[in-house]
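Working notes, beginning with the structure itself.
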Ligand code: NDP
(Lines give C-alpha, C1' and ligand atoms only; values in the text may rest on other atoms or scores of the structure.)
Protein backbone atom coordinates (compact mmCIF):
# COMPACT_ATOMS: atom_id res chain seq x y z
CA UNK A 1 0.00 0.00 0.00
CA UNK A 2 1.37 3.42 -0.90
CA UNK A 3 2.21 5.93 1.81
CA UNK A 4 -0.03 8.92 2.59
CA UNK A 5 1.42 12.44 2.32
CA UNK A 6 -0.17 15.68 3.50
CA UNK A 7 1.10 18.98 2.09
CA UNK A 8 0.00 22.23 3.72
CA UNK A 9 -0.56 25.04 1.24
CA UNK A 10 -0.54 22.36 -1.44
CA UNK A 11 -2.90 23.85 -4.01
CA UNK A 12 -0.64 26.41 -5.67
CA UNK A 13 2.97 27.50 -6.00
CA UNK A 14 5.67 25.30 -4.51
CA UNK A 15 3.11 23.21 -2.59
CA UNK A 16 1.25 22.27 -5.77
CA UNK A 17 4.50 21.13 -7.39
CA UNK A 18 5.28 19.08 -4.26
CA UNK A 19 1.85 17.38 -4.37
CA UNK A 20 2.23 16.54 -8.06
CA UNK A 21 5.75 15.14 -7.56
CA UNK A 22 4.70 13.04 -4.56
CA UNK A 23 1.72 11.68 -6.48
CA UNK A 24 4.01 10.80 -9.41
CA UNK A 25 6.29 9.02 -6.92
CA UNK A 26 3.37 6.83 -5.83
CA UNK A 27 2.08 8.57 -2.67
CA UNK A 28 -1.58 9.10 -1.87
CA UNK A 29 -1.60 12.87 -1.46
CA UNK A 30 -3.78 15.37 0.41
CA UNK A 31 -3.40 19.09 -0.28
CA UNK A 32 -4.45 21.56 2.38
CA UNK A 33 -5.24 25.21 1.57
CA UNK A 34 -6.48 28.31 3.38
CA UNK A 35 -9.31 29.78 1.33
CA UNK A 36 -8.51 30.40 -2.32
CA UNK A 37 -11.34 28.16 -3.57
CA UNK A 38 -10.83 28.98 -7.22
CA UNK A 39 -7.19 27.86 -7.26
CA UNK A 40 -7.91 24.84 -5.07
CA UNK A 41 -10.76 23.59 -7.25
CA UNK A 42 -8.77 24.12 -10.46
CA UNK A 43 -5.84 22.22 -8.89
CA UNK A 44 -8.11 19.34 -7.86
CA UNK A 45 -9.75 19.15 -11.29
CA UNK A 46 -6.39 19.18 -13.04
CA UNK A 47 -4.58 16.66 -10.81
CA UNK A 48 -7.25 14.59 -9.08
CA UNK A 49 -5.46 15.29 -5.77
CA UNK A 50 -7.77 15.54 -2.75
CA UNK A 51 -8.07 19.04 -1.29
CA UNK A 52 -8.84 19.99 2.32
CA UNK A 53 -9.46 23.51 3.59
CA UNK A 54 -8.30 24.65 6.99
CA UNK A 55 -6.13 27.29 8.63
CA UNK A 56 -2.75 25.96 9.80
CA UNK A 57 -2.50 28.77 12.35
CA UNK A 58 -5.44 27.29 14.29
CA UNK A 59 -4.68 24.19 16.39
CA UNK A 60 -8.27 22.93 16.57
CA UNK A 61 -8.71 23.38 12.80
CA UNK A 62 -5.55 21.31 12.24
CA UNK A 63 -6.76 18.55 14.55
CA UNK A 64 -10.11 18.38 12.76
CA UNK A 65 -8.59 18.66 9.26
CA UNK A 66 -5.97 15.99 9.88
CA UNK A 67 -8.58 13.61 11.32
CA UNK A 68 -10.60 14.08 8.12
CA UNK A 69 -7.58 13.42 5.88
CA UNK A 70 -6.74 10.28 7.88
CA UNK A 71 -10.30 8.97 7.73
CA UNK A 72 -10.38 9.44 3.94
CA UNK A 73 -6.81 8.49 2.93
CA UNK A 74 -5.29 6.65 5.91
CA UNK A 75 -2.61 7.51 8.48
CA UNK A 76 -0.32 10.36 7.47
CA UNK A 77 3.25 9.15 7.07
CA UNK A 78 4.71 12.16 5.28
CA UNK A 79 3.92 15.70 6.40
CA UNK A 80 5.17 18.65 4.35
CA UNK A 81 4.78 21.94 6.21
CA UNK A 82 4.77 24.28 3.24
CA UNK A 83 2.00 26.84 3.91
CA UNK A 84 3.44 30.29 4.33
CA UNK A 85 2.58 33.95 4.02
CA UNK A 86 4.41 37.27 3.91
CA UNK A 87 3.43 40.61 5.45
CA UNK A 88 6.47 42.63 4.42
CA UNK A 89 7.41 46.09 5.60
CA UNK A 90 10.29 47.81 7.35
CA UNK A 91 10.39 47.04 11.06
CA UNK A 92 9.44 50.56 12.17
CA UNK A 93 6.21 50.24 10.19
CA UNK A 94 5.46 46.65 11.20
CA UNK A 95 2.23 46.31 13.20
CA UNK A 96 1.59 43.63 15.82
CA UNK A 97 -0.98 42.17 13.39
CA UNK A 98 1.65 41.79 10.67
CA UNK A 99 4.05 40.16 13.14
CA UNK A 100 1.44 37.80 14.58
CA UNK A 101 -0.02 36.72 11.23
CA UNK A 102 3.38 35.61 9.93
CA UNK A 103 4.50 33.93 13.16
CA UNK A 104 1.14 32.19 13.58
CA UNK A 105 1.13 30.73 10.06
CA UNK A 106 4.82 30.21 9.30
CA UNK A 107 6.04 29.03 12.72
CA UNK A 108 3.12 28.10 15.00
CA UNK A 109 1.60 26.36 11.96
CA UNK A 110 4.43 23.82 12.16
CA UNK A 111 3.57 23.04 15.77
CA UNK A 112 -0.16 22.82 15.03
CA UNK A 113 0.29 20.48 12.07
CA UNK A 114 3.12 18.32 13.32
CA UNK A 115 1.74 17.88 16.83
CA UNK A 116 -1.42 16.37 15.34
CA UNK A 117 0.45 13.70 13.35
CA UNK A 118 3.31 13.06 15.78
CA UNK A 119 1.68 10.50 18.08
CA UNK A 120 0.53 8.45 15.09
CA UNK A 121 4.01 8.52 13.57
CA UNK A 122 5.53 7.46 16.91
CA UNK A 123 3.01 4.64 17.31
CA UNK A 124 3.74 3.33 13.80
CA UNK A 125 7.52 3.92 14.12
CA UNK A 126 7.71 5.72 10.82
CA UNK A 127 7.43 9.33 9.73
CA UNK A 128 8.84 12.02 7.48
CA UNK A 129 8.34 15.68 8.42
CA UNK A 130 9.66 18.18 5.87
CA UNK A 131 9.52 21.88 6.67
CA UNK A 132 9.76 24.50 3.93
CA UNK A 133 11.79 27.30 5.48
CA UNK A 134 13.56 29.97 3.39
CA UNK A 135 16.89 31.50 2.46
CA UNK A 136 15.65 34.51 4.41
CA UNK A 137 15.44 32.43 7.57
CA UNK A 138 19.12 31.62 7.08
CA UNK A 139 20.48 35.06 6.20
CA UNK A 140 17.79 37.53 7.33
CA UNK A 141 16.16 39.98 4.94
CA UNK A 142 15.36 43.64 5.48
CA UNK A 143 11.63 44.31 5.22
CA UNK A 144 10.98 40.76 6.46
CA UNK A 145 11.83 40.74 10.17
CA UNK A 146 8.65 38.78 10.92
CA UNK A 147 9.19 36.29 8.05
CA UNK A 148 12.91 35.84 8.73
CA UNK A 149 12.23 35.24 12.44
CA UNK A 150 9.54 32.65 11.68
CA UNK A 151 11.61 30.86 9.06
CA UNK A 152 14.67 30.78 11.33
CA UNK A 153 12.37 29.39 14.01
CA UNK A 154 11.37 26.62 11.59
CA UNK A 155 15.02 25.57 11.46
CA UNK A 156 15.30 25.39 15.26
CA UNK A 157 12.05 23.42 15.35
CA UNK A 158 13.47 21.01 12.77
CA UNK A 159 16.76 20.42 14.58
CA UNK A 160 15.18 19.86 18.00
CA UNK A 161 12.33 17.65 16.85
CA UNK A 162 14.68 15.55 14.71
CA UNK A 163 16.46 14.49 17.89
CA UNK A 164 13.16 13.44 19.47
CA UNK A 165 11.96 11.53 16.39
CA UNK A 166 15.17 9.65 15.62
CA UNK A 167 14.61 6.67 17.91
CA UNK A 168 11.15 6.17 16.38
CA UNK A 169 12.35 6.22 12.77
CA UNK A 170 10.82 9.65 12.19
CA UNK A 171 13.01 12.09 10.28
CA UNK A 172 12.53 15.85 10.44
CA UNK A 173 14.28 17.99 7.85
CA UNK A 174 14.05 21.49 6.39
CA UNK A 175 14.43 22.85 2.90
CA UNK A 176 15.51 26.46 2.36
CA UNK A 177 14.50 27.64 -1.10
CA UNK A 178 15.90 30.79 -2.61
CA UNK A 179 13.82 32.82 -5.09
CA UNK A 180 11.38 30.45 -6.79
CA UNK A 181 9.22 31.46 -9.73
CA UNK A 182 5.83 31.21 -8.06
CA UNK A 183 3.04 33.74 -8.52
CA UNK A 184 4.36 35.66 -5.52
CA UNK A 185 7.79 36.20 -7.09
CA UNK A 186 6.54 36.54 -10.68
CA UNK A 187 4.34 39.41 -9.46
CA UNK A 188 7.47 41.46 -8.77
CA UNK A 189 7.92 43.99 -11.63
CA UNK A 190 10.06 42.53 -14.40
CA UNK A 191 12.56 45.38 -14.12
CA UNK A 192 13.12 44.66 -10.40
CA UNK A 193 13.41 40.94 -11.09
CA UNK A 194 15.90 41.40 -13.92
CA UNK A 195 17.97 44.22 -12.47
CA UNK A 196 17.95 43.55 -8.73
CA UNK A 197 16.93 39.99 -7.90
CA UNK A 198 18.28 37.72 -10.62
CA UNK A 199 21.76 39.33 -10.60
CA UNK A 200 22.09 38.17 -6.96
CA UNK A 201 21.59 34.54 -8.01
CA UNK A 202 24.81 32.99 -9.35
CA UNK A 203 22.99 30.47 -11.59
CA UNK A 204 21.36 33.48 -13.27
CA UNK A 205 17.70 32.50 -12.97
CA UNK A 206 14.86 31.90 -10.56
CA UNK A 207 14.34 28.40 -9.23
CA UNK A 208 11.38 26.35 -10.39
CA UNK A 209 8.81 24.92 -7.93
CA UNK A 210 9.60 21.46 -9.34
CA UNK A 211 13.21 21.84 -8.17
CA UNK A 212 11.99 22.17 -4.58
CA UNK A 213 9.51 19.33 -5.10
CA UNK A 214 12.36 17.00 -6.06
CA UNK A 215 14.10 17.80 -2.76
CA UNK A 216 10.90 16.84 -0.91
CA UNK A 217 10.56 13.52 -2.75
CA UNK A 218 14.17 12.72 -1.86
CA UNK A 219 13.72 13.51 1.85
CA UNK A 220 10.35 11.72 2.01
CA UNK A 221 11.67 8.41 0.71
CA UNK A 222 12.20 5.36 2.90
CA UNK A 223 15.83 5.37 1.73
CA UNK A 224 16.51 8.81 3.31
CA UNK A 225 16.20 7.49 6.86
CA UNK A 226 19.74 8.47 7.88
CA UNK A 227 19.12 12.15 7.02
CA UNK A 228 17.51 13.98 9.90
CA UNK A 229 17.80 17.44 11.43
CA UNK A 230 19.33 18.69 8.21
CA UNK A 231 18.72 21.75 6.09
CA UNK A 232 18.74 21.29 2.34
CA UNK A 233 19.60 24.59 0.70
CA UNK A 234 18.29 25.17 -2.84
CA UNK A 235 19.01 28.76 -3.83
CA UNK A 236 21.08 28.81 -7.01
CA UNK A 237 24.19 29.70 -5.01
CA UNK A 238 22.74 32.97 -3.68
CA UNK A 239 23.67 32.28 -0.06
CA UNK A 240 26.24 29.66 0.81
CA UNK A 241 25.74 28.44 4.35
P1 LIG B 1 2.06 30.73 -2.44
O2 LIG B 1 1.67 32.07 -1.89
O3 LIG B 1 2.14 30.56 -3.93
O4 LIG B 1 1.07 29.60 -1.85
C5 LIG B 1 0.85 29.53 -0.48
C6 LIG B 1 -0.02 28.35 -0.15
O7 LIG B 1 -0.15 28.31 1.28
C8 LIG B 1 -1.42 28.44 -0.71
O9 LIG B 1 -1.88 27.14 -1.04
C10 LIG B 1 -2.22 29.00 0.46
O11 LIG B 1 -3.60 28.66 0.43
C12 LIG B 1 -1.52 28.31 1.62
N13 LIG B 1 -1.71 28.98 2.90
C14 LIG B 1 -1.35 30.24 3.26
N15 LIG B 1 -1.72 30.48 4.53
C16 LIG B 1 -2.32 29.35 4.99
C17 LIG B 1 -2.93 28.98 6.21
N18 LIG B 1 -3.00 29.82 7.25
N19 LIG B 1 -3.47 27.75 6.31
C20 LIG B 1 -3.42 26.88 5.27
N21 LIG B 1 -2.85 27.17 4.10
C22 LIG B 1 -2.31 28.39 3.95
O23 LIG B 1 3.45 30.40 -1.73
P24 LIG B 1 4.80 29.80 -2.35
O25 LIG B 1 4.51 28.60 -3.14
O26 LIG B 1 5.56 30.90 -2.98
O27 LIG B 1 5.58 29.42 -0.99
C28 LIG B 1 5.41 28.14 -0.38
C29 LIG B 1 6.35 28.05 0.81
O30 LIG B 1 7.69 28.25 0.38
C31 LIG B 1 6.07 29.13 1.86
O32 LIG B 1 6.29 28.61 3.16
C33 LIG B 1 7.13 30.18 1.54
O34 LIG B 1 7.43 30.96 2.67
C35 LIG B 1 8.28 29.30 1.11
N36 LIG B 1 9.26 29.97 0.26
C37 LIG B 1 8.89 30.50 -0.96
C38 LIG B 1 9.84 31.11 -1.76
C39 LIG B 1 9.51 31.67 -3.10
O40 LIG B 1 10.42 32.26 -3.73
N41 LIG B 1 8.30 31.54 -3.60
C42 LIG B 1 11.23 31.23 -1.32
C43 LIG B 1 11.51 30.63 -0.04
C44 LIG B 1 10.55 30.01 0.71
P45 LIG B 1 -4.65 29.56 -0.43
O46 LIG B 1 -4.30 29.30 -1.88
O47 LIG B 1 -5.97 29.04 -0.06
O48 LIG B 1 -4.40 30.98 -0.06
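The values are calculated or read from the model by the stated rules, or taken from the named source; none is laboratory data. Everything quoted here is computed from the prediction, not taken from an experiment. So basically every Cβ, Gly included, is an ideal-geometry build from the backbone, and we count neighbours across all protein chains shown.
For the reader, a short list of remarks on this structure follows.
- The range 21-31: number of residues that are assigned to a loop (DSSP other than H, G, I, E, B) and in contact with a strand residue (DSSP E or B) (Cβ under 6 Å, 6 or more places away or on another chain): 1
- Single match in 130, 66 (criterion: surrounded by 17 or more Cβ atoms within 10 Å (Cβ to Cβ), assigned to a helix (DSSP H, G or I), in contact with a helix residue (DSSP H, G or I) (Cβ under 8 Å, 6 or more places away or on another chain) and in contact (Cβ under 8 Å) with a residue 24 or more places away in the chain): 66
- Residues in the range 167-192 that are within 11 Å of the ligand (Cβ to nearest atom) and in a loop (DSSP other than H, G, I, E, B): 178, 179, 181, 182, 187, 188.
- Residues that are surrounded by 24 or more Cβ atoms within 10 Å (Cβ to Cβ), touching a residue at least 60 places away in the same chain (Cβ under 8 Å) and part of a strand (DSSP E or B) are absent from the range 109-118 altogether.
- Put simply, of 195, 164 the only residue that is more than 14 Å from the ligand (Cβ to nearest atom), assigned to a helix (DSSP H, G or I) and farther than 23 Å from residue 103 by Cβ is 195.
- Residue within the range 81-90 that is within 13 Å of the ligand (Cβ to nearest atom), part of a helix (DSSP H, G or I) and modelled with pLDDT of 95 or more present: no
- Among the residues here, residue 226 does not qualify as more than 16 Å from the ligand (Cβ to nearest atom), without any contact (Cβ under 8 Å) to a residue 40 or more places away in the chain and surrounded by 13 or more Cβ atoms within 10 Å (Cβ to Cβ).
- Selected residue [more than 7 Å from the ligand (Cβ to nearest atom), in a helix (DSSP H, G or I) and closer than 16 Å to residue 130 by Cβ] from 18, 14: 18
- Residues within the range 133-148 that are more than 19 Å from residue 235 (Cα to Cα) and assigned to a helix (DSSP H, G or I), tallied: 2
- Residue within the range 175-190 that is in contact with a strand residue (DSSP E or B) (Cβ under 7 Å, 6 or more places away or on another chain), surrounded by 24 or more Cβ atoms within 10 Å (Cβ to Cβ), closer than 14 Å to residue 228 by Cβ and touching a residue at least 40 places away in the same chain (Cβ under 8 Å) present: yes
Here's the yes/no breakdown for (1) surrounded by fewer than 21 Cβ atoms within 10 Å (Cβ to Cβ); (2) free of Cβ contacts under 8 Å to residues at least 12 places away in the same chain; (3) more than 19 Å from the chain's Cα centre (by Cα):
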position	(1), (2), (3)
6	no, no, no
10	no, no, no
16	no, no, no
43	no, no, no
46	yes, yes, yes
74	yes, no, yes
86	yes, no, no
98	yes, no, yes
103	yes, no, no
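- Which listed residue is in contact with a helix residue (DSSP H, G or I) (Cβ under 7 Å, 6 or more places away or on another chain) and near the ligand (Cβ under 10 Å from one of its atoms), from 56, 4, 78, 29: 56
- Residue in the range 62-71 that is within 22 Å of residue 187 (Cα to Cα), under 20 Å from the mean Cα position of the chain (by Cα) and within 15 Å of the ligand (Cβ to nearest atom) present: no
- Residue that is farthest from residue 10 (Cα to Cα), among those in the range 198-235 that are out of contact with any helix residue (DSSP H, G or I) (no Cβ under 9 Å at 6 or more places or on another chain) and in a loop (DSSP other than H, G, I, E, B): 202
- Residues located in the range 32-48, provided they are within 12 Å of the ligand (Cβ to nearest atom) and not in a helix (DSSP H, G or I): 32, 33, 34, 35, 36
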